[in-house]
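Report on one structure; see the data block that follows.
The values are calculated or read from the model by the stated rules, or taken from the named source; none is laboratory data. Note that the structure is a prediction, hence the values are computed from the model and not measured. Reconstructed Cβ throughout: ideal geometry from the backbone, glycine too, with neighbour counts over all protein chains shown. Accessible surface areas use protein heavy atoms only, side chains included; no ligands, DNA or RNA. Shrake-Rupley method; radii C 1.70, N 1.55, O 1.52, S 1.80 Å.
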There are 4 protein chains.
Amino acid sequence: MSLPPLLTGVVPPVCTPLTPDLEVDTASLTRLVDHLVAGGVDGLFVLGSSSEAAYLPDGHRRRVVETVVAHVGGQLPVLAGAIDMTALRVLDHAHTARAAGADGIVVTAPFYTRTHPAEIVRHYRLVAERAQLPVLAYDLPVSVHSKLDARLVLALAAEGVLAGLKDSSGDEAGLRRVLMGRRALPGPPSFSVLTGSELTVDSAFAMGADGVVPGLGNVDPHGYVRLARLCRAGDWAGARTEQERLAALFRIVDEGDPARIGGSSSGLGAFKAALHLRGVIDCPVTAAPQLPLTEDEVKRIGKHLASAGLL
Amino acid sequence: MSLPPLLTGVVPPVCTPLTPDLEVDTASLTRLVDHLVAGGVDGLFVLGSSSEAAYLPDGHRRRVVETVVAHVGGQLPVLAGAIDMTALRVLDHAHTARAAGADGIVVTAPFYTRTHPAEIVRHYRLVAERAQLPVLAYDLPVSVHSKLDARLVLALAAEGVLAGLKDSSGDEAGLRRVLMGRRALPGPPSFSVLTGSELTVDSAFAMGADGVVPGLGNVDPHGYVRLARLCRAGDWAGARTEQERLAALFRIVDEGDPARIGGSSSGLGAFKAALHLRGVIDCPVTAAPQLPLTEDEVKRIGKHLASAGLL
Amino acid sequence: MSLPPLLTGVVPPVCTPLTPDLEVDTASLTRLVDHLVAGGVDGLFVLGSSSEAAYLPDGHRRRVVETVVAHVGGQLPVLAGAIDMTALRVLDHAHTARAAGADGIVVTAPFYTRTHPAEIVRHYRLVAERAQLPVLAYDLPVSVHSKLDARLVLALAAEGVLAGLKDSSGDEAGLRRVLMGRRALPGPPSFSVLTGSELTVDSAFAMGADGVVPGLGNVDPHGYVRLARLCRAGDWAGARTEQERLAALFRIVDEGDPARIGGSSSGLGAFKAALHLRGVIDCPVTAAPQLPLTEDEVKRIGKHLASAGLL
Amino acid sequence: MSLPPLLTGVVPPVCTPLTPDLEVDTASLTRLVDHLVAGGVDGLFVLGSSSEAAYLPDGHRRRVVETVVAHVGGQLPVLAGAIDMTALRVLDHAHTARAAGADGIVVTAPFYTRTHPAEIVRHYRLVAERAQLPVLAYDLPVSVHSKLDARLVLALAAEGVLAGLKDSSGDEAGLRRVLMGRRALPGPPSFSVLTGSELTVDSAFAMGADGVVPGLGNVDPHGYVRLARLCRAGDWAGARTEQERLAALFRIVDEGDPARIGGSSSGLGAFKAALHLRGVIDCPVTAAPQLPLTEDEVKRIGKHLASAGLL
């Protein structure tokens, strides 16, 4: 399968189940993929932030992308995160993704370094030139500590450098600017815009976004698939109801131990705890050095799942 | 050579000379090492931020540490940066460093992730447990986006997890807290404190720091060696004069293209341009996607070198 | 006129026209009020950020609120910003607003200080206790450097401390949390939620927001009034078209001198230049020390107004 | 008394004692001034951040500056903070200070607004033009959220706009740049550089700073006066010992309730609690909405005072 000209719908960032000794649990991973496919998703995104990519050594990363691509067997497009500090390091991950058969890569601006916009442009050009795979820009200021400006993204789209954008910036005005600006791109639509803001998916679709990459979609893929269908059908009242149900469920992330709220481990731990409670994965452990959830947190997550009818 | 119980003096972060097609220029690299050794430095730090570690793929990183350790042949301790997002990824770099014969590794807190202090503690414990090399903490908030608290550092020192600190935070009050606190550590002094703030080296020594890791030391190692000697001799007036001379020379970094000031590429480009003008390295290119300096910038750097008597 | 239980619709933050020597131009101010009222707005918000409140000394502030309240004569509710660092200073402005006859005040969390959430709660309680006017919280992290958490806002709403929220944070997921949470408040709806994000008004209404406080509404009040009506009528396709037209017009702010983009003076200058070009105010000057727009910037603004049919 | 051409030595930011109902306690205030004068300080700085200026309404502010200037009666120069968002508001405070007889004002860059460097220059020019008092720039990025660049400060010094700098940025490399740069200013030395970093005073003096504005100087003025004398005498070993004693005492700020560490109220509360325990002021209350210290915090402060020989 190769990437469709326009990637649309629900493309969850696939969690990476681990064994108690922090190896990739490939059996749980394929079970999770089956769970997502059964939920009706339109594509898969491995090795993103919700996949704990930042915590996985290269060997783990390779195993994840190989396992998922092989298991999916071309039913659905598979995007792979190529998350690293700068272009040459990103390209090493791109080559692994390509060798494994992924259909596209998702790439942030440089991080750790302090990088000027003109250097961000060079970064994406270099990656796109050499990756031999479509490149989606990943806008995640909370991790990368810079924001991709709409004009920069649109210029790279017009050049053919970028095949799409995964916007996890939470800046909906910026998302609108990209969506309005891409109408001026030449040729048939071929620049995909996916939101990573899982609590405002109806808004993003209403503005013209093509799809969503919801971390919570690991837990409730059916919900996000329903939401996307309602949005495409223009049933905005129905979409709002479904989105609000999912927003209520998202409290599994918010209502963790206050000491950990705001840290990444709260959300990643909650998704995995929920997948474990739902019987999808064998072990809810998150990668080092993240703290495990407390028993109380897991109990609260169980209650939220129950009231959402997911247990 | 193994790491001395207390690493002291001048330990420059060694720049990584590249060929025009962005491969490691090992001939220039060994020439640069000779230049530093001739300058009287007390140790070498490869694969730090000034070495463009964030820009170098793993193959380049391995070649750098192997080349330098082999060339130094045990004359001086060699520290290697193990710069990556989280513990398991850091450990892959630690293993390469150890295999190459490095004497210690330098490790930041997790980045890209949002990590709580308790998780930073776990991160360092895990790295120290498995690295089989002494671990120095690298405090660099401008890149890592979190600050290592003095109490956290001291607790890890007391536990034996950390062998030292490279403090590039610019927070001199925090540095003082660490220096005062380490006197209470049990046993003979074995926790090295090095400052990475190259314009306040006299202050750091006056507070009790053991040494300095100056990026500008690539360009003028003799200057920093003189400065360290004056500090150790308690000749604070002499130290101030030497430090001010070096601070004036540091303007090669500041007076770059205003469009790039504040970005990392300005400083890294200036150090390499100066090394090239001084005939130490063959090619001043910096790693992708950094913008090269303009001709005007290089000219200004030449003038500063000339007035410092370095051309 | 007193504040209705639920403030809804378009409540523009009224620009503060100044004379060339930086006094309040009351003639232009009343003309601007007439222009807004003629545009069909539902209320007025004086002394907000778009009113340059941060630049106006107390005498100017008093004159603004007195002039507008007197001129409006009870036709519409008038909110007044009470923008200052902490509670006791805010209360001085609250008393001026009350004496002038304003119907409510809009108050940020403390700024300049570093203030804990529990102290933010105390701040609003104290202001509400003593102001003798309804208090709306003003969430503006770009100025205040802290974000009002949805739970904190809802708790203060439940207590009766807050009468509403003006959310200019750009965090639409947070806005949704407030909107979902307020349904659980006891009694008939009496907590107004207004968005200050003028490019995503349709999204905010679709989530259940009551109204909008658009800076650009100074320039094109009719447009925002139409947008609000379309939203209330559930005509989301029509609303999107109107919102996109306004988003295109908003480029008067974005396409200023790149040297100033991101700074406040770009937006404030653009609104005033547009009001001057449209003949509403006599002089486009912004308060010291903001730089005036360049001639080129003003020309570009003129072109945008012309293509929007506003010249 | 007017400001000396070069203000030197210890100029503590005078705490503002309040009554239990949050009025200015003028009796305690004059007692605090006597305590500081008896300690040998060289000047007083009222209405700074440590004075809780951000929490004091204009009436309180006026009473403070009038009380202190009258009580000092010209024995020492008195600087007054004119802390507000922008130039015209600052000027209102400047006029009050001048009417009360203060010898100079201390002024930050604009805050709350987003202001470009060229606008910061305009801000200081306008304030200096109209204030009819010498103006010291106050660099406090933790409150103002922008940093005063050394070049900007030196340019304004060369123009005669600024009479000095109070550097509370914690950026000692930047401080060094200012100190080196001011030697090139024409005429006899007339630009005072004071550090607000109370834990690195010896470093600042060693670099050439003229004095220090230590919050902790309220509690132990004799200590800072000794420290300044040792620095001026070039007794750097003695200075370090005294500075380390004061740094240990500073733990009254650090060891507060962890929930409040990092917030301003922890430090302000500690200084006042210590002044109360030492019998200098009648009531340790801090201004609203700051949380009071807990009993445990006050006990710990008492222990630190005791071990410093101050109880």
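Before moving on, here are some points about what is shown:
- Condition check for A:Ser50: in contact with a Cys (Cβ under 9 Å, 6 or more places away or on another chain), under 20 Å from A:Ser197 (Cα atoms) and of a type outside the set (A, V, I, L, M, F, W, C): yes
- On the stretch given as region D:92-108, residues that are part of a helix (DSSP H, G or I), buried (at least 23 other Cβ atoms within 10 Å of the Cβ) and within 14 Å of chain C (Cβ to nearest Cβ) total 2.
- The single residue among A:Gly43, A:Gly81, A:Gly39 that is under 30 Å from A:Gly187 (Cα atoms), at pLDDT 95 or above and touching a Phe, Trp or Tyr at 6+ places or on another chain (Cβ under 9 Å) turns out to be A:Gly81.
- Residues within region C:35-58 that are in contact with a Lys or Arg (Cβ under 9 Å, 6 or more places away or on another chain), part of a loop (DSSP other than H, G, I, E, B) and away from every other protein chain (no Cβ under 14 Å), tallied: 1
Residue by residue, here is whether (1) buried (at least 24 other Cβ atoms within 10 Å of the Cβ); (2) in contact with a strand residue (DSSP E or B) (Cβ under 7 Å, 6 or more places away or on another chain) holds:
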| site | (1), (2) |
| --- | --- |
| A:Pro5 | no, no |
| A:Pro17 | yes, no |
| A:Glu23 | no, no |
| A:Thr26 | no, no |
| A:Phe45 | yes, yes |
| A:His60 | no, yes |
| A:Glu66 | no, no |
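- Meets criteria (touching a Ser or Thr at 6+ places or on another chain (Cβ under 9 Å), more than 10 Å from chain C (Cβ to nearest Cβ) and of a type outside the set (A, V, I, L, M, F, W, C)) for D:His116: no
- Residue match in region B:195-209 (condition: surrounded by fewer than 24 Cβ atoms within 10 Å (Cβ to Cβ), under 22 Å from B:Leu7 (Cβ atoms) and without any contact (Cβ under 8 Å) to a residue 24 or more places away in the chain): no
- Failed item in (1) within 14 Å of chain D (Cβ to nearest Cβ); (2) more than 19 Å from B:Pro13 (Cβ to Cβ); (3) modelled with pLDDT of 95 or more, with B:Thr195 passing the rest: (2)
- Scope region A:28-43; condition out of contact with any helix residue (DSSP H, G or I) (no Cβ under 9 Å at 6 or more places or on another chain) and open to solvent by less than 10 Å² (accessible area, probe 1.4 Å); matching residues: A:Gly43
- Scanning region A:157-173 for residues that are more than 20 Å from the chain's Cα centre (by Cα) and either of a type in the set (Lys, Arg) or within 14 Å of chain B (Cβ to nearest Cβ) (or both) yields a single hit, A:Val161.
- Residue list for region A:239-284, filter: part of a loop (DSSP other than H, G, I, E, B), at pLDDT 95 or above and open to solvent by 50 Å² or more (accessible area, probe 1.4 Å): A:Arg278, A:Gly279, A:Asp282, A:Pro284
- Of all residue pairs spaced 6 or more apart or on separate chains, those with beta-carbon atoms under 9 Å, a first member in region B:285-311 that is closer than 21 Å to A:Ala109 by Cα and a second member that is of a type in the set (Phe, Trp, Tyr) and surrounded by 14 or more Cβ atoms within 10 Å (Cβ to Cβ) are B:Thr286/B:Tyr55; B:Ala287/B:Tyr55; B:Ala288/B:Tyr55; B:Pro289/A:Tyr124; B:Pro289/B:Tyr55; B:Gln290/B:Tyr55.
- Region B:285-305 - residue that is of a type in the set (A, V, I, L, M, F, W, C) and away from every other protein chain (no Cβ under 14 Å) and, of those, most open to solvent (accessible area, probe 1.4 Å): B:Val298
- Residue check for B:Thr86: of a type in the set (Ser, Thr, Tyr), within 10 Å of chain A (Cβ to nearest Cβ), open to solvent by less than 20 Å² (accessible area, probe 1.4 Å) and touching a residue at least 24 places away in the same chain (Cβ under 8 Å): yes
- The set of residues in region C:261-285 being under 19 Å from D:Ala118 (Cα atoms) and touching a Lys or Arg at 6+ places or on another chain (Cβ under 6 Å) consists of C:Gly263, C:Ser264, C:Ser266.
- Members of region D:1-34 that are within 14 Å of chain C (Cβ to nearest Cβ) and of a type outside the set (D, E, K, R): D:Thr16, D:Leu18, D:Thr19, D:Leu22, D:Val24
- Positions within region A:203-237 being over 21 Å from A:Val37 (Cα atoms), touching a helix residue (DSSP H, G or I) at 6+ places or on another chain (Cβ under 8 Å) and either away from chain C (no Cβ under 12 Å) or not small (Gly, Ala, Ser) (or both), in sequence order: A:Phe205, A:Met207, A:Trp236
- Among all residues of region C:64-80, there is none that is touching a helix residue (DSSP H, G or I) at 6+ places or on another chain (Cβ under 7 Å), within 13 Å of chain D (Cβ to nearest Cβ) and closer than 30 Å to D:Ser146 by Cβ.
- Enumeration of residues in region D:157-171 that are open to solvent by 10 Å² or more (accessible area, probe 1.4 Å) and either modelled with pLDDT under 95 or not hydrophobic (A, V, I, L, M, F, W, C) (or both): D:Glu159, D:Gly160, D:Lys166, D:Ser168, D:Ser169, D:Gly170, D:Asp171
- Some residue of region C:23-33 being assigned to a loop (DSSP other than H, G, I, E, B) and not aliphatic (A, V, I, L, M): yes
- Selection status of B:Ala100, out of contact with any Gly (no Cβ under 9 Å at 6 or more places or on another chain) and of a type in the set (Gly, Ala, Ser): yes
- Candidates B:Leu185, B:Leu154, B:Leu148: the one that is more than 14 Å from chain A (Cβ to nearest Cβ) and either open to solvent by less than 10 Å² (accessible area, probe 1.4 Å) or within 20 Å of the chain's Cα centre (by Cα) (or both) is B:Leu148.
- Selected residue (only one of B:Asp139, B:Asp103, B:Asp171, B:Asp92 is without any contact (Cβ under 8 Å) to a residue 60 or more places away in the chain, touching a strand residue (DSSP E or B) at 6+ places or on another chain (Cβ under 6 Å) and not aliphatic (A, V, I, L, M)): B:Asp139
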